[in-house]
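So the structure is just underneath, and the comments pick up after that.
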Amino acid sequence: MQSHVSKINLMRLKVKPQDNKDASRLVARMPQEHNAAPRPSPAPLAPKRPTIVVLTRDGSLQRLISGICASPWVVESSAEPGPGRDLVVEHNARMIVIDDEVVPAPERGWLCNQINKLAPEAALIYIASQHSAEVEKTARAHGAIYYTARPLDTARLSSMLQAWLKHPPS
């Protein structure tokens, strides 16, 4: 009896029985491509840099925070809460600065809740357009580690940010 080898080619796999008598022992092998160039191995994913997300329409606030941050920190900014949410999701947001002018007053608590859900470990800095006990209470209730109101004391805000960036909680 002549040996017979059956070959099945399914999606580049060749399956052949090892001997004629026992077809239950099938071995799958990738076909050899003799002249194919070796495939490069995928590059390892670089870790995301720690990011401060700034939600503001105030260019001077964005510039102040960008000027304070040094490597490895990155500042990403948005004037709208929707794209700001995307920044929180896409980056390694370690701090989020909310200038509450970017969202109507009835939605401010909701915005803070969303940020706490998306980046629960991120430090929250809240800048109120107008101070009131109710606004401060809302900011603190949503986990703000720092609260301030306009007009900004830029020296104090700058000192707080510099101290936090030197020793962020792990």
Gain upon complete extension [residue 114, residue 153; 0.36 nm per residue less C-alpha separation]: 11.3 nm
log10 of Debye I(q)/I(0), alpha-carbon scatterers only, for the range 50-165 at 0.14, 0.17, 0.21, 0.22 Å⁻¹: -0.49, -0.75, -1.22, -1.36
Fully extended contour minus Cα-Cα distance, from residue 162 to residue 107, at 0.36 nm per residue: 16.8 nm
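We did not get these values from a lab; they are worked out from the coordinates using the rules stated. Everything numeric in this text was worked out from a predicted model, so none of it was measured.
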